[in-house]
Amino acid sequence: MPYKPRRPCVYPGCGRLAESGGQYCAEHQKVMDNRYYQYERDPASNKRYGRAWKRIRDRYIKAHPLCEECQKQGNLTPAEEVHHILPLSRGGGNEASNLMALCKPCHARITVEMGDRWHDR
């Protein structure tokens, strides 16, 4: 199956090609990520998902390399994200019993079903 052609970066004045599947080139993707974390994301989230969370997440992914939801259905899909079963915003914690390794599609589906994010889509 052929790949989609890369498109120009949508950052004003940039003529480089965007990374595959994204809107921005690598340089401007970093700029837009920083802008998001600084101005748009809830500051409480930045505190909850700091360096300690990254260590916990990396340890959990290493111990559970496959998506736990896909495994229940008999599929072997690599895990890319770690999900809080009871969200931190609702009093959950970072204990291993409250975590679940998921692939991106499963994580998006579960998050939508819980109504935490993307509820208007």
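Within the chain, how many lysine pairs that are 8 or more places apart, or on different chains, have C-alpha atoms less than 30 Å apart?
14
Students often check this: by mean Cβ neighbours within 10 Å, which of 75-87, 53-65 ranks highest, and how do the rest follow? Before the final figure, lay out the partial values.
Numbers: 75-87: 15.2, 53-65: 13.1.
So the peptides 75-87, 53-65, ranked by packing, come out 75-87, 53-65.
Rounded, prolate or oblate, given the Cα gyration tensor of the stretch 1-115, with a/c below 1.5 counting as rounded?
Working: a/c = 2.37, a/b = 1.40, b/c = 1.69.
Note, shape of the stretch 1-115 comes out oblate.
Which order do the peptides 34-41, 13-20 take when ranked by the mean count of other beta-carbon atoms within 10 Å per residue, highest first? Intermediate results must be reported in sequence, preceding the final value.
Details: 34-41: 10.1, 13-20: 12.5.
In decreasing order of mean packing, 34-41, 13-20 become 13-20, 34-41.
What cysteines in the chain have no other cysteine with a beta carbon less than 4.7 Å from their beta carbon?
Taking the Cβ cut-off of 4.7 Å, the unpaired cysteines of the chain are Cys106.
Only the coordinates and a few stated rules stand behind these numbers; no lab work does. Just so it is clear, the structure is predicted and the values come from calculations on it, not from any experiment. Note: ideal-geometry Cβ built from the backbone for every residue, glycine included; neighbour counts use all protein chains shown.
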